[in-house]
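The values are calculated or read from the model by the stated rules, or taken from the named source; none is laboratory data. Since the structure is predicted, the reported quantities are computational estimates derived from the model, not experimental observations. In this analysis, Cβ positions are derived from the backbone assuming ideal geometry, glycine residues included, and neighbour counts consider all displayed protein chains. Only protein heavy atoms, including side chains, enter the accessible area calculation; ligands, DNA and RNA are left aside. Shrake-Rupley method; radii C 1.70, N 1.55, O 1.52, S 1.80 Å.
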Amino acid sequence: MVVEHEIKLRVRYEETDTMQVVYYAKYFVWFESGRIELLRSIGLSYRDVEKRGLLLPVVEAKANYQAPAHFDDEILVKTRLANMGNTSVRFENEVFKLPEKTLLCTGYTVHVLVDREGRPMKIPEDFIEKSQAG
């Protein structure tokens, strides 16, 4: 089963650049919002993961920009858990402008589960179970 989640956001003024379009790096912030809410929706809050002494740093990120977003646009961020390996997780994202659902950006992030010392850790069985049940 594919785990997916959608959230709606509104472009804030501080997210735009001098050309009055969303600054390219802000899409990664939106990817993060989608990722956090996806994990929360399957019972894996970041706070709980960190309480277990585990961290999920980004080791790879990519974005492909299709169209601009502007201040006060309503956007939809779709996030899906695309792949879970032994120590890594890949999340894929699509960002749309609403209401017409114009595709603005696609992209992904890859994360490695590590302990507080930065050593890669095997993904716990309960994480795998929750991702498959979602």
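Annotations
- Cα→Cβ-extended label distance, 7 Å offset, between residue 29 and residue 7, nm: 1.2
- Loop sites in segment 32-79: trypsin sites (Lys or Arg not before Pro), DSSP, at most 13 other Cβ within 10 Å: 52
- At most 15 other Cβ within 10 Å, DSSP loop - chymotrypsin sites (Phe, Trp or Tyr not before Pro), segment 2-35: 23, 24
- The simple Förster model, with R0 at 30 Å and r as the Cβ-Cβ distance, assigns residue 129 and residue 106 a FRET efficiency of 0.55.
- Protein accessible area in the chain, 1.4 Å probe - carbon and sulfur %: 50
- Cα centroid separation - segment 1-51 against segment 89-116, whole Å: 8
- Taking each DSSP H run with n ≥ 4 as -39500 (n - 2.57) and averaging over every residue of the chain yields -7000 deg cm²/dmol at 222 nm.
- Note that the chain presents 57 Å² accessible area per residue, ligands and nucleic acids not counted, probe 1.4 Å.
- Per residue, the Cα convex hull of segment 21-134 amounts to 105 Å³.
- Loop-resident sites, segment 92-125, for trypsin sites (Lys or Arg not before Pro), counting at most 15 other Cβ within 10 Å (DSSP): 101, 116, 122
- Angle between the chain longest axis and helix 26-41 axis [Cα atoms, degrees, rounded to 10]: 50
- The stretch between residue 49 and residue 86, if pulled fully straight at 0.36 nm per residue, gains 11.7 nm over its current Cα-Cα span.
- In summary, the convex hull built on the alpha carbon positions of segment 76-123 has an orientation-averaged projected area of 3.8 nm².
- Taking GluC sites (Glu not before Pro) in DSSP loop conformation with at most 11 other Cβ atoms inside 10 Å as exposed sites, the chain has its longest uninterrupted site-free stretch at 1-99.
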